[in-house]
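Student: This structure is in C-alpha cells; I'll ask about it shortly.
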Amino acid sequence: MSSGEVATDRTRPARPDQTRRGRVLRTQRIALGAVAATLVLSGCSGADARRLGFPRGITTDSDRVTSLWQGAWTAAFIVGGIVWGLIIWAIVAYRRRGNEMPAQTRYNMPIEALYTILPVVIVAVLFFYTVRDQSVVLKKDPTPDAHVKVIGYKFAWTFGYSDPQNRFQPVYDTGTNETLPELWVPQGESMEYTLISNDVIHAFWVPAFLFKMDVVPGRENTFYKTATTTGSYAGRCSELCGINHSHMLFTVRVVTPEQYLAHMADLRRRGQVGDPQGHLSQEYNPNRNIAEGQASQ
Ligand code: CUA
C-alpha cells in the first residue's frame, strides 16, 4: 500500500505512521505555497523582502532602525515557529485514538520554570536593543546645522525655518488649498525639528525617515535627523486627530544645501518672513452652527 492510496482511500484503515507522514507533507506543501504566493503577489524584490515591509530609509539612523525591526521580527518568527511546531506536533501526536484519557501533566517544575523564565529573557533582550537604539535615535545634537519648527493643526502643517548658522533670516512655508505643504531638508546636514501643535495631538511621520513623533499641544517635542538621499518623500499625520486626519499630508524634499538656501531665499522673496504661528483650527469647520465670526477668531 503506497502513501498515495492512504490519502484517497478512506475505507481502508491506514497505519498511523503513514497518515501522520501524509499530513505533515500536506502541511509542508501548503506552508511553502503560502510563502511563495506571498512573495509573488506582493511583488517583493530580495532587498525589499529583507526589510520585512519597512520602506527604504534615507537618514543616517536608517540602518540601525531597520536592523532593530528585522531583529524583532526574527525573534518573533523563531518563537512563532517553535509555538506553531509544538501545536502541530501536539495535534498530530496526541490525536484521539481511543476512549482512554491521555496522561495529564501538571506541576511539572522544569516546564513551569521554562515558560516563566524564557519570556522574561525574550522581553529583556528586546528591551535592551530597543533602549540602546532609541537612545541613539533620540540623541540631542547641541550644534545642529539647520532648524525647522513644525506646526501641526487641524488639518495641515506649517514649517518655519531658522538658521543656526545665520545664513538667512527666519522664513516659513505653509500649504494652500491646492498644494500640499512642503518641508525642505538640506542633505547631509543635521536638522533640528521642533514639533508644536495648535490644537489636538497630531503625529509627525515621514515613513522614509523610519521615524514618527507625537505633536502635543502645550509642549515642544524635539528630535534631530540627517537625511542622506535627495528626493521627494511622503509625510503624514499618524495620530487620529479629527475628521480630516487622513488629509493631513505633506511632502518632504531632501535637496542639496545650495538648493535649500536658494529655496529659503525664494520664501523670503515671496514675503513669507518671520516666525510662523501656524493656524488655529479654523481651516475646516465641520460644525456649521458655530457663527462665522466665532470660528475665525
Ligand atoms: Cu493630525 Cu491626524
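The values are calculated or read from the model by the stated rules, or taken from the named source; none is laboratory data. As the structure is a computational prediction, the values presented were derived from the model and not from experiment. Glycine gets a Cβ as well: all are built from the backbone with ideal geometry, and neighbour counts include every protein chain shown. Heads up: the accessible areas ignore ligands, DNA and RNA and are worked out on the full protein's heavy atoms, side chains in. Shrake-Rupley method; radii C 1.70, N 1.55, O 1.52, S 1.80 Å.
Student: Filter the range 234-270 down to residues that are in a helix (DSSP H, G or I) and within 11 Å of the ligand (Cβ to nearest atom) and give me whichever is most open to solvent (accessible area, probe 1.4 Å). Lay out the reasoning, then the answer.
Tutor: Initially, the range 234-270 is screened for residues in a helix (DSSP H, G or I), giving 245-247, 257-269.
From the residues that got through so far, the ones that are within 11 Å of the ligand (Cβ to nearest atom) too are 245-247.
On the way: HIS245: 39, SER246: 80, HIS247: 117 Å².
This residue is HIS247.
Student: In addition: I'm trying to understand the selection: among the residues of the range 167-186, which are open to solvent by 50 Å² or more (accessible area, probe 1.4 Å) and in contact with a helix residue (DSSP H, G or I) (Cβ under 9 Å, 6 or more places away or on another chain)?
Tutor: Matches in the range 167-186: ARG167, GLN169, TYR172, GLU182.
Student: Next up: Can you confirm whether the range 107-116 contains a residue that is within 16 Å of the ligand (Cβ to nearest atom) and either on the phi > 0 side of the Ramachandran plot or surrounded by 10 or more Cβ atoms within 10 Å (Cβ to Cβ) (or both)? Even if it seems obvious, please write down each step before you answer.
Tutor: Taking the range 107-116 first, the residues within 16 Å of the ligand (Cβ to nearest atom) are none.
Looking for residues that are within 16 Å of the ligand (Cβ to nearest atom) and either on the phi > 0 side of the Ramachandran plot or surrounded by 10 or more Cβ atoms within 10 Å (Cβ to Cβ) (or both), one finds none in the range 107-116, hence no.
Student: Does VAL92 satisfy being open to solvent by less than 50 Å² (accessible area, probe 1.4 Å), of a type in the set (Val, Ile, Thr) and modelled with pLDDT of 85 or more? Give the steps one after another, and end with the answer.
Tutor: Values: open to solvent by less than 50 Å² (accessible area, probe 1.4 Å): yes; of a type in the set (Val, Ile, Thr): yes; modelled with pLDDT of 85 or more: yes.
The answer is yes for VAL92.
Student: Inspect all residues belonging to the range 155-165 and state whether any of them is away from the ligand (no atom under 16 Å from the Cβ), in contact with a helix residue (DSSP H, G or I) (Cβ under 8 Å, 6 or more places away or on another chain) and part of a strand (DSSP E or B).
Tutor: Looking only at the range 155-165, we keep the residues that are away from the ligand (no atom under 16 Å from the Cβ), and these are 160-165.
Now restrict to residues that are in contact with a helix residue (DSSP H, G or I) (Cβ under 8 Å, 6 or more places away or on another chain): 161, 163.
When the remaining residues are screened for being part of a strand (DSSP E or B), the result is 161.
Yes; the residues of the range 155-165 include at least one that is away from the ligand (no atom under 16 Å from the Cβ), in contact with a helix residue (DSSP H, G or I) (Cβ under 8 Å, 6 or more places away or on another chain) and part of a strand (DSSP E or B).
Student: Does the range 136-152 contain any residue that is touching a strand residue (DSSP E or B) at 6+ places or on another chain (Cβ under 8 Å), open to solvent by 30 Å² or more (accessible area, probe 1.4 Å) and within 15 Å of the ligand (Cβ to nearest atom)?
Tutor: No, the range 136-152 has no match at all.
Student: Here's a check for you: in the range 187-206, which residue that is within 15 Å of the ligand (Cβ to nearest atom) and not in a loop (DSSP other than H, G, I, E, B) is surrounded by the fewest Cβ atoms within 10 Å (Cβ to Cβ)? Give the steps one after another, and end with the answer.
Tutor: The initial filter retains those residues of the range 187-206 that are within 15 Å of the ligand (Cβ to nearest atom), namely 195-206.
From what's left, not in a loop (DSSP other than H, G, I, E, B): 195-197, 202-206.
Details: LEU195: 21, ILE196: 22, SER197: 25, HIS202: 30, ALA203: 21, PHE204: 25, TRP205: 19, VAL206: 25.
Only one residue tops the list, namely TRP205.
Student: Now a separate question. Considering only the range 117-135, I want to know if a residue exists there that is of a type in the set (Ser, Thr, Tyr), more than 16 Å from the ligand (Cβ to nearest atom) and surrounded by 13 or more Cβ atoms within 10 Å (Cβ to Cβ).
Tutor: The first filter runs over the range 117-135 and keeps only residues of a type in the set (Ser, Thr, Tyr), leaving 129-130, 135.
Checking the rest, the ones that are also more than 16 Å from the ligand (Cβ to nearest atom) come to 129-130, 135.
Filter again for surrounded by 13 or more Cβ atoms within 10 Å (Cβ to Cβ), leaving 129-130.
So far as the range 117-135 goes, yes, one or more of its residues are of a type in the set (Ser, Thr, Tyr), more than 16 Å from the ligand (Cβ to nearest atom) and surrounded by 13 or more Cβ atoms within 10 Å (Cβ to Cβ).
Student: Another one. With respect to LYS212, is the statement that it is within 16 Å of the ligand (Cβ to nearest atom) and not β-branched (Val, Ile, Thr) true?
Tutor: On the way: within 16 Å of the ligand (Cβ to nearest atom): yes; not β-branched (Val, Ile, Thr): yes.
Judged against the criteria, LYS212 is a match.
Student: While we're here: Any residue in the range 239-255 that's touching a residue at least 12 places away in the same chain (Cβ under 8 Å): show its pairings with residues that are within 6 Å of the ligand (Cβ to nearest atom) and charged (D, E, K, R) at Cβ separation under 8 Å, as long as the two are six or more apart or on different chains.
Tutor: Between residues of the range 239-255 that are touching a residue at least 12 places away in the same chain (Cβ under 8 Å) and residues that are within 6 Å of the ligand (Cβ to nearest atom) and charged (D, E, K, R), the close pairs are HIS245/GLU239.
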